[in-house]
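Everything on this sheet refers to the single structure shown next.
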C-alpha cells in the first residue's frame, strides 16, 4: 500500500511539473505545426494528455541545440572581435555554424 502511494505521489509530482512549465517559442511553433499539418498526431496527443509533454520535449531539444551552436561559435572563434577585424572571415565561419538553423527547423517541423 505504501509503495503504491509513493508511486502515485511521484506520478502526480511529474504531471504537475509538466503543467507548471511554460511553452516558449519553439514549443508553440511545434504546436502550430502539428495543428496545421499533422492533425492526427495533434489529436492523438491531446486525447492521451501528452501534448504538453511532447511540446516541452521538442522545446528542450531545440534549446540544447542552441547551446551547442553557441559553444561551436566560441570554439571557432566567431566573436565580435573577429567581426570587427575581418568581416568576411567572420561571415564564412558563421555560415558554417548557421547550417544548424536548418537542423533546428527540422526538429520543430518533423
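Scan the range 82-99 for residues that are surrounded by fewer than 11 Cβ atoms within 10 Å (Cβ to Cβ) and under 27 Å from residue 62 (Cα atoms) and jot them down. Hits for the range 82-99 are 95, 99. A residue that is at pLDDT below 95, farther than 18 Å from residue 108 by Cα, in a helix (DSSP H, G or I) and out of contact with any helix residue (DSSP H, G or I) (no Cβ under 9 Å at 6 or more places or on another chain) can be found somewhere in the range 19-29.
The values are calculated or read from the model by the stated rules, or taken from the named source; none is laboratory data. Keep in mind that what you see is a predicted model, and the values were worked out from it rather than measured. Note that each Cβ is placed from the backbone with ideal geometry, even for glycine, and that neighbours are counted across all protein chains shown.
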